[in-house]
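Here's the structure we're looking at; comments come further down.
Please treat every number below as a calculation from the coordinates, not as lab data. From a predicted model like this one, the values you see are computed outputs, not experimental measurements. Ideal geometry is used to build each Cβ from the backbone, glycine not excepted, and the neighbour counts take in all protein chains shown.
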Amino acid sequence: AQERYASIREKPATTKCGKTISLLMNAGLMADLPSLQDSGAEGVGLFRTELQFLVRNKMPKRSELSAIYSRVLDAAQDKRVVFRTLDIGSDKVLPYMKPNDEPNPALGWRAIRVGLDKPGVLRMQLQALLRASKGRPMSIMFPFVAQYEEFKAAKWEMEKALERERILGHSVPEHLEVGAMLETPSLAFAPDQFYQDVDFLSIGGNDLKQFFFAADRENERVRRRYDTLNVSFLTFLEGIVKRCAASNTALSFCGEDAGRPVEAACLAAMGIRSLSMRPASIGPVKNILRGIDLDGLRQVIETASLNGDQSVRPAVMDYLRKQS
Ligand code: PEP
Ligand code: MG
């Protein structure tokens, strides 16, 4: 199988029905960057920035972060990197920020909520990112946005940081895209203005699924209870795809399911055209996509939903077996 993947590394993930899916990789460390070439990923669809904060015993300096982000961009060369601002709280606690005693940390003071309530860290990180660009194009997204106001406020911080960089005489990105992670169901129902305002959206399937089914992603007892290929969840994702299409908003999916071949094929069949995953999954996902007819798969999914199936998985597996 490894050889099979190597032979398609430079080839696009174009399906039998002629649709091309962008395959990107998730990263979080400098050490992940060589995988960009080895895996054949088109870029980094999610660069998690928590690790640089978690490995220190005090808040990293802006200059340290900027140097790291700049090296990430150097290593990516002309490939796109989507940096996600700090997503702490919940399962990721910084040793130098007093942990909050929260009964439900996953639903608590985390990610952009911390960034907006204590904007010092967010501002510092935005400056570090902008400065790292040295004029190169840049994509930045905010984690765990639950309502339009939060995105507006975060984008306002970005605009202020840009202005400040200009005044200080630093070169700013020649092109800057500002996006959001869609990982709370509420954002799927945000006003049209949100969808028009945001440059791109990335579905954080791990969190989105946990909140959709109200099932803790860390809890072994309930984690596997609900299938990603559950008809309700796919229908929900389809709604997001439609809203993005209506407002011409770029949409990708960056949760763990993007790296699972059968799930990835179904996400593509639901209309998602960009998937970001761990580097080792690019080969297997590309392999299945290149052999599949998304229209046929979509038909199978629709028939299974009409039949009242809870999950389309059995029908999809049956279809895939017959195809191979
Ligand atoms: C997600 O929630 O799907 C996601 C990609 O973010 P994280 O796993 O870092 O919460
Ligand atoms: Mg998440």
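Work out the length of the dipole vector of the range 38-154 about its Cα centre, built from +1 on the beta-carbon of each Lys and Arg and -1 on the beta-carbon of each Asp and Glu, and round it to the nearest 20 debye.
With only Lys, Arg, Asp and Glu charged at Cβ, the dipole is about 500 debye.
For residue 95, what is the net charge nearby, where nearby means another residue's Cβ is under 15 Å from its Cβ and Lys, Arg count +1, Asp, Glu -1?
+2
What FRET efficiency comes out for residue 216 versus residue 280 if R0 is 30 angstrom and r is the Cβ-Cβ distance? Round to the nearest 0.05.
It comes out at approximately 0.70.
For the range 201-304, with only Lys/Arg (+1) and Asp/Glu (-1) charged at the beta-carbon, what is the dipole magnitude about the Cα centre, in debye rounded to 20?
140 debye
Can you compute 3J(HN,Hα) from phi for each residue in the range 234-242, using the Karplus curve 6.51 cos²θ - 1.76 cosθ + 1.60 with θ = phi - 60°, rounded to whole Hz and x for Gly and Pro?
The phi angles translate into 5, 5, 5, 4, 4, x, 5, 4, 5 Hz.
Return the tail of the calculated pair distribution for the chain, meaning the percent of Cα-Cα pairs more than 27 Å apart.
Cα-Cα pairs of the chain separated by over 27 Å account for 44 percent.
Note down the relative contact order for the chain as a percent, whole number, built from C-alpha pairs under 8 angstrom at least six residues apart.
20 percent
Grab the other residues whose beta carbon is less than 11 angstrom from that of residue 182, score K and R as +1, D and E as -1, and report the net.
Counting the neighbours of residue 182, the net charge comes to -1.
Do the alpha carbons of any pairs in 16/322; 160/209; 92/152 sit beyond 23 Å of each other, and which pairs?
160/209; 92/152
Please report how far the C-alpha centroid of the range 23-51 lies from that of the range 157-227, rounded to the nearest whole angstrom.
18 Å
Which GluC sites (Glu not before Pro) does the range 209-298 hold that lie in a coil by DSSP with at most 16 other beta carbons within 10 Å?
Hits after loop and neighbour filter: 218.
Quick one: grab Rg to one decimal and Dmax as a whole number for the range 123-234, Cα atoms only, in Å.
Using the Cα atoms of the range 123-234, the pair Rg, Dmax is 17.2, 54 Å.
Determine the relative contact order of the range 173-324: mean sequence separation of Cα pairs under 8 Å and six or more apart, normalised by residue count, in whole percent.
Reported relative contact order: 21 percent.
Please give the net charge around residue 161, taking every other residue with its beta carbon less than 12 angstrom from that of residue 161, where Lys and Arg add +1 and Asp and Glu add -1.
+3
Between residue 196 and residue 256, how high is the FRET efficiency from 1/(1 + (r/R0)^6) when r is the Cβ-Cβ distance and R₀ = 30 Å? Nearest 0.05.
After rounding, the FRET efficiency stands at 0.50.
Express in whole angstrom the spacing between the alpha-carbon centres of the range 255-324 and the range 64-125.
So the two Cα centres are separated by 32 Å.
With a cap of 14 neighbouring Cβ atoms within 10 Å, and only residues DSSP puts in a loop, list the chymotrypsin sites (Phe, Trp or Tyr not before Pro) found in the range 216-316.
Taking the range 216-316 and a limit of 14 other Cβ atoms within 10 Å, no loop chymotrypsin sites (Phe, Trp or Tyr not before Pro) are found.
Evaluate the charge dipole of the chain about its Cα centre and quote only its size in Debye, nearest 20, assuming +1 on the Cβ of each Lys and Arg and -1 on the Cβ of each Asp and Glu.
600 debye
Taking 7 Å along the Cα-to-C-beta vector as the label spot, tell me the residue 323-residue 97 distance in nanometres, rounded to one decimal.
Here the modelled spin labels are 4.2 nm apart.
Per-residue HN-Hα couplings for the range 78-91, Karplus 6.51 cos²θ - 1.76 cosθ + 1.60 at θ = phi - 60°, whole Hz, x for Gly and Pro?
3J(HN,Hα) across the range 78-91, in whole Hz: 9, 7, 6, 10, 9, 8, 9, 5, 3, 10, 9, x, 6, 7.
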